[in-house]
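Trainee: Dropping a structure here in structure tokens format, bear with me for questions.
Each value in this text was obtained by applying a stated rule to the coordinates, not by laboratory testing. If you're wondering where the values come from, they're calculated on a predicted model, not measured in any experiment. Positions of Cβ are backbone-derived with ideal geometry, glycine not excepted, and every protein chain shown enters the neighbour counts.
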């Protein structure tokens, strides 16, 4: 081979390596989807999403959370859902944020201390219904979202462990529960879950990881049609209750003239969703117990909204925890979206719709 040919061959090798590196830097998908990652609660990695060089950047917070990270600036992204008194919601780390702009960076806000997270201010929750069914647990309610850093008037969107790039929203966000299995002192990773936030309301569903239909009950492709279709419920403002319930129909699936039909959410490129051909069936509930919010959330009675002095504040949120996640267990009760993205777009419709007994002028949570 001549020197010139050798130089050209070498140039091709260098160019190929450069293109490969460039593809990795601007890549979209991780080698393993977040929903396929399994972590022991007592041996969590610092970050569940350790990917670098991908389009959405790196995970904002951390998953190894304990007493050193429990404060109102915490960046903990390991959430807990056990029962009506002990659950976490995803919300922005910075005040006055929209879900659409911060879904990849959401952090856990919880109703009980001991999980290494931020705490939901004591007067933010304005009505909560917890439901335990054969295949999932669900909590739906009303919240003053400005007290957990969400912008006033934001109708929000969906958080789930998938996302268009399979890295989850938030990136690396994990959920655990003592509500499944025979040992209610053991935290089990919830593989399939979805959490809708916005319009001063929320719904969170965690599907039994041992159930045969976890992915169907916790479907993540209907991110534009909100709680009434993904988590149909009878929650009421001012009421705090825990119930047993039947399973809902799979989100997007309904019966029309005796035939089972699957609804397809239109892509965002077609504009706002102006109508939906069915009304989701609200499952029957029973054995409901009503509580006073002051008894359910007594442990956060002194926690105030961001910008105010909060007694829950302890150490810096940027402390790197080195021990096992803190908090004692409490018993109790990769597929992109249809539009190719999983962003949280408000879906405006003509007229008004009712969510949980309150009238809103948007369909997203209606």
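Trainee: Starting with the fewest neighbours, write out 208, 101 ranked by other beta-carbon atoms found within 10 Å of each beta-carbon.
Mentor: 101, 208
Trainee: Right, here's the next one. Three principal axis extents, largest first, for the C-alpha atoms of region 70-114, in Å?
Mentor: 29, 19, 16
Trainee: Then there's this: Points 7 angstrom from Cα along the Cβ direction at residue 56 and residue 39: gap in nanometres?
Mentor: About 1.5 nm separates the two model spin labels.
Trainee: Cα gyration tensor of region 37-155, axes a ≥ b ≥ c as square roots of the eigenvalues: rounded (a/c below 1.5), prolate (a/b > b/c) or oblate?
Mentor: Working: a/c = 1.57, a/b = 1.19, b/c = 1.32.
Verdict is oblate for region 37-155.
Trainee: Using 0.36 nm per residue, how much length does the chain from residue 295 to residue 126 gain when fully extended, once their Cα-Cα distance is taken away? The partial results should precede the final answer.
Mentor: Working: separation 169, 0.36 × 169 = 60.84 nm, distance 1.37 nm.
Separation in residues times 0.36 nm, less the Cα-Cα distance, equals 59.5 nm.
Trainee: Taking a ≥ b ≥ c as the square roots of the eigenvalues of the Cα gyration tensor of region 105-219, is the shape rounded (a/c under 1.5), prolate (a/b larger than b/c) or oblate?
Mentor: On the way: a/c = 1.62, a/b = 1.35, b/c = 1.20.
Judged from the Cα gyration tensor, region 105-219 comes out prolate (a/c at least 1.5, a/b above b/c).
Trainee: Can you sort 159, 270, 89 so the residue with the fewest Cβ neighbours within 10 Å comes first? Intermediate results must be reported in sequence, preceding the final value.
Mentor: Numbers: 159 29, 270 9, 89 26.
In increasing order of surrounding Cβ atoms, one gets 270, 89, 159.
Trainee: Tell me the label-point distance for the pair residue 210, residue 144, using the 7 Å Cα-to-Cβ offset, in nm and rounded to one decimal.
Mentor: 4.2
Trainee: Continuing with this model, one more query. Need the C-alpha centroid separation for region 100-125 versus region 281-308, integer Å.
Mentor: The two parts, judged by their Cα centres, are 14 Å apart.
Trainee: Binned at 5 Å from 0, what are the whole-percent values of the Cα-Cα distance distribution for region 237-309, short to long?
Mentor: 3, 11, 12, 12, 11, 11, 12, 13, 11, 3, 1, 0
Trainee: Something else now. Would you mind calculating the gained length between residue 152 and residue 183 on full extension (0.36 nm times residue separation, minus the Cα-Cα distance), in nm to one decimal? Please list the in-between numbers first.
Mentor: Working: separation 31, 0.36 × 31 = 11.16 nm, distance 4.07 nm.
Working it through step by step, the gained length comes to 7.1 nm.
Trainee: Gap in Å between the Cα centre of region 147-210 and the Cα centre of region 31-94?
Mentor: If we compute the Cα centre of each part, the gap is 11 Å.
Trainee: Please report 217, 87, 291 as a ranked list, fewest other C-beta atoms within 10 angstrom at the top and most at the bottom.
Mentor: Working: 217 26, 87 29, 291 16.
Fewest-to-most ranking of 217, 87, 291: 291, 217, 87.
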